[in-house]
Each structure stands twice: as structure tokens, then as C-alpha cells.
Amino acid sequence: MPDPDLRARIKEMLVKNLMLQVTPDQIGDDLPLFGPGGLGLDSIDALELVVSMEKIFGVGVANSEVAGKALKTVNTIHDYILEKRRESVQTG
């Protein structure tokens, strides 16, 4: 199920749920979300992000190793959500 606005929805989720001081348009698809040189999110933000992803997109994050890979950028979140949706369609 294609979702052409998924990246925009991810950015809106980031700004709204993490109370960021930027607009969704200011977040680049490949901008690092954590650490210097990016949005500078921290571990508390990561927890909030995981909860938000479950609520909004119905996609959970299994553990911190998965989170470390999936939550790097808007693009990695986008790909992770699509992958999980594909898996649930195949198994469901």
C-alpha cells in the first residue's frame, strides 16, 4: 500500500510529538536525527519516537539495536515502516 505522504507524516510526527523548534519542511530526508550535526535528539526523544510510531503508524520497534538502525533519519524511518507493513501483510 503506497503512501506518497509518508515522509511528510513522519516529519509532522517528529515536530509535533517531540516539540521540536523547527518546521517539518526544515527536516531533510537524510538529516541525522540524533547527535551533533542533525536534530540533536537524545534517548528520551528516541523513546517518545518509538511510542509515536506505534500510535500513528502501527509499527513497533523490537529493541535498541533495531531502533539504532531504523531511527537514524526520516528515510530510515520511512523504509522501516514500509518494511514492517509489508511483513504484516505477508504474515497476516
For helix 6-17, what angle does its Cα long axis make with the longest principal axis of the chain, in degrees from 0 to 90 and rounded to 10? 50
Length-normalised contact order of the chain, Cα under 8 Å, at least 6 apart, in percent, tallies to 28
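Averaging over all projection directions, find the projected area of the Cα convex hull of the chain and quote it in nm² with one decimal place. Each step should come with its number before you reach the end.
On the way: hull surface 23.2 nm².
So the mean shadow area of the Cα hull is 5.8 nm².
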At 7 Å along the Cα-to-beta-carbon direction for both Ile56 and Glu87, put a label point, then send me their distance in nm to one decimal. 2.1
Would you mind working out the magnitude of the charge dipole of region 6-91 relative to its Cα centre, with +1 at each Lys and Arg C-beta and -1 at each Asp and Glu C-beta, to the nearest 20 Debye? 240
For region 46-92, compute the orientation-averaged projected area of the C-alpha convex hull (one quarter of its surface), in nm². 3.1
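All of the numbers you see were taken from the coordinates with simple rules; none came from a lab. The model shown is predicted, which means the values in this text are computed figures rather than measured ones. Every residue, glycine among them, receives a Cβ derived from its backbone with ideal geometry; neighbour counts consider all protein chains shown.
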